[in-house]
Amino acid sequence: MSTIFDEIKDAIVDGDEDLAVELAERVIAEKVDPVQAVQLGFIGGIEEVGKAWTNGEAFLPDVMMAADAMKAGMDVLEEVLAAGEGEGGYEDKGKIVLGTVEGDIHDIGKNIVGALLTSAGFKVYDIGIDQKAEDFVAKADEVGAKIIAASALLTTTMKSQKTLVEYLNDNNLRDKYKIIIGGGPTSAKWGEDIGADGWAETADEAVELCKQLLA
Ligand code: B12
């Protein structure tokens with residue numbers, strides 16, 4: 001028997017935005033665990049499309065449609081995710097500035113990281129895609145964030161994560177913030193090489209990492 005998670009996954013694979021929204025609304029109405037819906041449904045679907053693209057079985061428009069369906073469904077779930085574990089006390093666990101680095105427009109993974117961090121009780125300031133080092137730092141300074149989280153999905157944009165750490169070093173700000181990085185081509189080793197405070201492979205692990213860094 002197929003579950004609502006399978007249905008969400010299929011809707012993403014098919015790039016069916018309306019269905020993704022409808023299923024996200026069902027998740028809320030039927031009180032299904034939204035985090036599981038994200039992990040098993042939405043992430044499962046986009047990963048399948050990603051694999052098909054890599055293998056030449058899907059084309060760029062398929063990926064874009066899947067990404068749009070994912071965004072539409074996640075927008076619906078955002079509110080319930082935000083009302084999760086952190087209900088009534090978001091700011092207690094700390095503020096995090098999150099963005100995708102300069103030159104990179106991928107934001108699906110970043111958005112999931114943001115949604116799960118929010119649901120775990122962190123206050124997340126998402127500055128969006130294609131963001132320069134100084135934009136991350138300006139926002140962190142403005143809101144008093146303790147962590148800066150930078151996502152990169154291209155081997156060509158990973159170096160912008162390094163630029164971010166260097167920017168903090170050059171401006172004597174390195175001790176003021178914890179820097180965490182993530183995204184497809186990155187690794188724990190890359191994090192160590194560039195002097196970041198942590199790397200996480202998945203959004204779940206990003207939550208654990210932030211909890212540890214702020215403990
Ligand atoms: C969807 C997608 C797109 C969409 C993006 C839509 C959007 N709104 O994001 C579109 C179609 C626009 C796109 C464009 C391009 N893409 Co693209 N894209 C993908 C695809 C299929 C999926 C990425 C994704 O969303 N994965 C799902 C999410 C959930 O996973 P994730 O991002 O890795 O995030 C998870 C973790 O990494 C982690 N994480 C992510 N960020 C962070 C941050 C922190 C701080 C932490 C701790 C953790 C963390 O948590 C997340 C959840 O668990 C991948 C293929 C793949 N298999 O990954 C290619 C891929 C990333 N793209 C690729 C390429 C080449 C491009 C283009 C250059 C194509 C082109 N010729 O135009 C452009 C880039 C434009 C640009 N300047 O950025 C390549 C990159 C190759 C490389 N190694 O450099 C890939 C790997 C495809 C491939 N196999 O060739 N893409």
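The values are calculated or read from the model by the stated rules, or taken from the named source; none is laboratory data. These figures come from a predicted structure and were not determined experimentally. Counting neighbours? That spans all protein chains shown, and the Cβs are built from the backbone with ideal geometry, glycine included. Quick note on the areas: whole protein, heavy atoms, side chains included, nothing else; ligands and nucleic acids left out. Shrake-Rupley method; radii C 1.70, N 1.55, O 1.52, S 1.80 Å.
Obtain the nm distance between the two label points defined at Lys71 and Ile129 by a simple spin-label model: each point lies 7 Å from its Cα along the Cα-to-C-beta direction.
Here the answer is 0.6 nm between the modelled labels.
Averaged per residue, what accessible surface does the chain expose to a 1.4 Å probe, in Å²?
Per residue, the chain has an accessible area of 51 Å².
Please report the relative contact order for the chain, taking Cα pairs under 8 Å with a sequence separation of at least 6, and give it as a percent rounded to a whole number.
With pairs under 8 Å counted, the relative contact order is 16 percent.
May I ask you to derive the FRET efficiency for Ile105 and Lys176 from their Cβ-Cβ distance with R0 = 35 Å, giving the value to the nearest 0.05?
0.80
With r defined as the distance between the Cβ atoms of Glu57 and Lys211 and R0 fixed at 45 Å, what FRET efficiency is calculated, to the nearest 0.05?
About 0.70, to the nearest 0.05.
Once phi is turned into ³J(HN,Hα) by the Karplus curve 6.51 cos²θ - 1.76 cosθ + 1.60 with θ = phi - 60°, what whole-Hz value does each residue of the stretch 104-111 show in order, with x for glycine and proline?
For the stretch 104-111, the Karplus-derived couplings read 10, 10, 5, 9, 5, x, 4, 5 Hz, x marking Gly and Pro.
Take the residue pairs Lys51/Lys178; Lys31/Lys95; Lys31/Lys211; Lys71/Lys123 and return only those whose Cα atoms are more than 31 Å apart.
Violating the 31 Å Cα-Cα cut-off are Lys51/Lys178.
How much of the accessible area of the chain, probe 1.4 Å, is carbon plus sulfur, in whole percent?
So the carbon and sulfur contribution to the accessible surface is 50 percent.
Sticking with the crude label model, points 7 Å out along Cα→Cβ, report the distance from Thr202 to Glu79 in nm, one decimal please.
According to this spin-label approximation, the distance is 2.9 nm.
Of Phe122, Phe5, Phe59, which has the most accessible area and how do the rest follow, probe 1.4 Å?
These residues rank, largest area first, as Phe59, Phe5, Phe122.
Hey, what did the stretch 168-213 get for relative contact order, percent, Cα under 8 Å, at least 6 apart?
Here the relative contact order equals 31 percent.
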